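Novice: Just dropping this structure here.
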Amino acid sequence: MISGNFINIPNGISFLRILLCFPLIKYLSSVPDKLDYHSLENYKHELSIVLIIVFAIILSDILDGLIARWMNNVTDFGKLIDPIADKMAILIVLIYLIQKPGIEGLSILIFFILLICRDFYIGLYAIYFIKKYNISFDSIKSGKWFIGSSAVMFLFFIYDPLLMKFYYIKWYFYGLTLLLMGYSTYEYYSRYISIYKKEKR
């Protein structure tokens with residue numbers, strides 16, 4: 001059962017991240033999925049707002065955890081709402097990027113499928129430990145690094161016409177993000193197995 005006071009500053013920041021998803025939908029939906037360098041000028045306002053929102057989401061994700069630990073306000077509800085806010089923002093950007101034509105859209109679709117499998121696996125174990133042992137977990141550091149790397153990768157895919165000769169940077173971050181996805185999943189698995197064995201003793 002989720003316990004603890006859910007009305008506090010860190011959880012409020014997480015809620016703010018959820019609210020930021022609505023303008024993110026609005027402005028991303030007004031930008032064509034296929035952009036070239038010359039058409040960027042026509043959508044400069046929308047793309048600037050998207051950039052500001054994404055950075056605000058990243059900043060809020062960093063701040064809520066730091067403030068929660070600093071104020072000793074880490075709650076079970078906060079552990080639940082934080083990843084939900086992250087996944088909502090990621091899902092919105094993924095839906096936009098999947099519509100890109102060619103190898104880009106296909107690559108993002110593969111990433112999306114892998115992410116669903118990863119989160120289903122992690123979520124299933126998390127629910128099991130909450131129901132069976134009343135234990136909830138903080139996000140692991142590699143999981144936060146994965147979220148951060150995903151955000152940077154998404155920005156490079158959105159603003160790829162600006163990369164010009166450096167277009168390969170987005171593929172570098174794509175590979176790095178996949179590696180962090182695999183590593184963080186392994187760390188979650190190791191933690192769950194370790195605690196399961198401890199509880200069984």
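Taken together, the values in this text are just the output of simple stated rules run on the coordinates, not laboratory data. Because the structure is a prediction, the values reported are computed rather than measured. All Cβ positions, even for glycine, are placed from backbone atoms using ideal geometry, and neighbour counts span all protein chains on display.
Novice: I need THR75, THR177 ordered by Cβ neighbour count within 10 Å, fewest first.
Specialist: Ranked by crowding around the Cβ, least crowded first: THR75, THR177.
Novice: At q = 0.16, 0.22, 0.26 Å⁻¹, what is the log10 ratio I(q)/I(0) for the range 88-129, with the Debye formula run over Cα points and no solvent?
Specialist: Results for the range 88-129 at q = 0.16, 0.22, 0.26 Å⁻¹ read -0.47, -0.70, -0.84.
Novice: While we're here: Would you tally the net charge around ALA151, using a Cβ to Cβ cut-off of less than 14 Å, leaving ALA151 out, and scoring K and R as +1, D and E as -1?
Specialist: Summing Lys and Arg as +1 and Asp and Glu as -1 gives +2.
Novice: Note down the net charge around SER190, summing +1 for each Lys or Arg and -1 for each Asp or Glu among other residues with Cβ under 14 Å from its Cβ.
Specialist: Around SER190, the surrounding residues sum to +3.
Novice: Related question: Note the angle between two axes, namely the Cα long axis of helix 9-29 and the longest principal axis of the Cα atoms of the chain, as a number of degrees from 0 to 90, rounded to the nearest 10.
Specialist: 30
Novice: Something else: Provide the packing ranking of 97-103, 15-21, i.e. peptides ordered by the mean count of other C-beta atoms within 10 Å per residue, highest first.
Specialist: Per-residue mean Cβ counts within 10 Å order the peptides as 15-21, 97-103.
Novice: Going by C-beta contacts inside 10 Å, put MET153, MET181, MET88, MET71 in order with the fewest on the left.
Specialist: Exposure proxy ranking, most exposed first: MET71, MET88, MET181, MET153.
Novice: Please go through the residue pairs LYS34/LYS165; LYS44/LYS87; LYS44/LYS165; LYS87/LYS170 and name each one whose alpha carbons sit more than 23 Å apart in this structure.
Specialist: LYS44/LYS87
Novice: Considering only C-alpha atoms, what is the centroid distance from the range 10-61 to the range 92-144, in Å?
Specialist: 20
Novice: Restricting to DSSP H runs of at least four residues, report the calculated mean residue ellipticity at 222 nm for the chain, -39500 (n - 2.57) per run over all residues, nearest 500 deg cm²/dmol.
Specialist: About -27500 deg cm²/dmol.
Novice: Let me ask another. Counting Lys +1, Arg +1, Asp -1, Glu -1, what net charge surrounds ASP33 among other residues with beta carbon under 14 Å of its beta carbon?
Specialist: Around ASP33, the charge tally is -2.
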